[in-house]
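Laboratory data are not the source of any read-out in this text; all were calculated from the coordinates shown. Because the structure is a prediction, the values reported are computed rather than measured. Glycine gets a Cβ as well: all are built from the backbone with ideal geometry, and neighbour counts include every protein chain shown.
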Amino acid sequence: MDRCIVLVDAGYLLGAAASLLAGEPSRSRITVDHTALIQGLRERAESDTERPLLRIYWFDGAPDRVPQPEHRRLRVMPRVTVRLGALTRSDGRWAQKGVDAAMHAELTELARNRACSDIVLVTGDGDLLPGMMAAKEHGVAVHLWAVQAADGDYNQSEDLVAEADERRVLDRTWITKAVRAKELTGVCAPPPAPRPEIAAILSAPLPDSALGATAERTVEESEHAPATASENGTQERVPAPKGVPTPKDLAALRAPGVPPAQNPTSATLRWSSDKGWVDRPGVAAESPDVASMPTLAQLTTAEQRWADREEDITTVGGDPYEVGQVFARRWMARLGEQSHLHKLSGMYPRIPHRIDGELLRYAARFGLLAHKDDQIDEHDRYAIRAGFWREIDVRTAAEHAPAGE
C-alpha cells in the first residue's frame with residue numbers, strides 16, 4: 001500500500017543525540033520534547049518517502065517492561081505505537097533486552113503483509129540486517145536514518161548502511177528542534193528544576209525546631225560520610241551535602257498570620273503512607289474530622305473505576321505533576337460534602353495520610369517508582385503533591401471569586 005511506516009530504536013536515537021549534544025550517550029544528559037520529536041519524524045518521513053504516514057513504532061526498554069512516564073506520553077499520541085523490551089542492569093550499566101528482536105519481527109511482518117510501500121528505520125544495529133533484507137524481498141523500500149555522529153564517523157553498522165535503499169542523516173540542526181542538552185554545574189548534572197509550586201514549598205523558612213532537627217541529621221550524615229585522603233595522607237571526613245527539608249520539617253511550618261491553635265506544629269506530612277499510618281513520637285494524631293475525609297476509592301463507583309482506568313491508559317501521560325492534578329480533579333468532582341474541600345485547602349501543605357497514601361499508590365501505576373528500592377523519587381513526590389494542590393487551589397479560588405469575574 002502507498003504509505004510509510006517509521007520504526008524507531010529509541011535507545012539508538014536518544015543515545016546518539018546525547019553523544020552529539022552532551023558528549024556522552026547517557027539519556028539522562030538530555031531533555032526531550034517528545035511531541036516535537038514525533039512531529040519532526042512524521043514530517044521528515046512523509047517528505048522523504050512522498051507517502052502519507054500510517055504509523056510510528058517506538059521501540060524502547062523499560063524495567064520489568066513497565067511503561068515509564070515518557071512511554072505513556074508517547075503512546076497516547078496519534079499514530080504512535082510503543083513496543084517495550086526489558087531493561088536490565090549489569091555491571092553498573094543498563095542494557096536493553098528484546099528490543100532488536102521486536103523490531104525485527106515487526107519489520108518482517110509489516111513487509112510480509114504489504115502494510116506499506118516504504119519503511120523508515122531509525123537504528124544503527126546490524127542485527128536488523130536480516131529483517132531489512134527480508135523486507136526488500138517483499139517489495140518494500142527501506143530508508144535508513146542515522147543521527148549525526150559526535151566524532152564525525154559512522155554510528156551505524158556498515159552492512160546495514162550498504163543494504164539500505166535510501167539513507168539520510170538527522171543532523172544537529174534537526175535534532176536540536178526537539179532535544180536539548182542539560183546544563184551542567186561542575187561535572188555533575190543538576191537536579192531537575194522544580195515547578196514554581198514546588199519551589200514555593202521548598203523555599204519556605206523552617207522553624208527553629210526543624211532547623212535543629214536538620215542540623216542533627218547533617219551531623220549524623222557527616223559522621224557516616226565517606227572519608228577521603230588529604231595531601232599529607234591522613235583521612236578527612238567529607239561533610240554530607242544538606243538536602244531539601246524533609247516532610248516532617250515542612251509539617252512544622254506555620255502559615256503567616258494563623259494562630260498556633262489552628263495550625264499546630266505537631267502536624268506531619270504523610271510521605272510514606274502507602275504502607276499505612278505509623279504513629280511517631282511527639283506527633284499528634286489527626287483530628288476526627290480530618291481522619292473522616294473520604295478517599296477517592298470510597299467515592300468511586302465500579303463504573304467510574306472502569307472509566308478512570310480507561311482514561312489513565314489512553315489520555316494521562318504520566319508526568320508526576322499531571323498525575324497529581326488528575327487525582328485531585330476526580331476527588332473533588334465526586335465529593336458530596338464540599339466542607340471537606342474547604343478543610344483540606346486550609347491544611348496546606350499537609351495532605352491527610354489516607355488520601356496522600358492513595359495518591360502515591362495511584363502515581364505508582366505510571367512507572368514513577370525508582371526500581372532500586374520501589375520508592376517514588378523525592379522530586380517526583382514533590383511534583384505529585386504540587387499538582388494535587390494546584391487543582392485544589394484552582395477550585396477553591398473559583399468558588400471564592402466575585403460574581404461576574
Cleavage-rule hits (GluC sites (Glu not before Pro)) in the range 29-92: DSSP loop, at most 13 neighbouring Cβ within 10 angstrom: GLU50
Loop GluC sites (Glu not before Pro), the range 288-389 (other Cβ atoms within 10 Å of the site Cβ: 11 or fewer; DSSP): GLU337
Convex hull volume per residue for the range 283-398, taking Cα atoms only, in Å³: 117
Pair ASP91, TYR154: separation of 7 Å Cα→Cβ label points (nm): 2.4
Long-range HN-HN contacts of ALA62 with modeled amide H, under 5 Å: GLY85, ALA86, LEU87
R0 of 22 Å, Cβ-Cβ distance ASP171-THR31: FRET efficiency to nearest 0.05: 0.70
Cα shape, the range 4-181, gyration tensor, a/c 1.5 rule: rounded
Cleavage-rule hits (chymotrypsin sites (Phe, Trp or Tyr not before Pro)) in the range 97-187: DSSP loop, at most 16 neighbouring Cβ within 10 angstrom: TYR154
Residues SER19, SER90, SER157, sorted so that the one with the fewest Cβ neighbours within 10 Å comes first: SER90, SER157, SER19
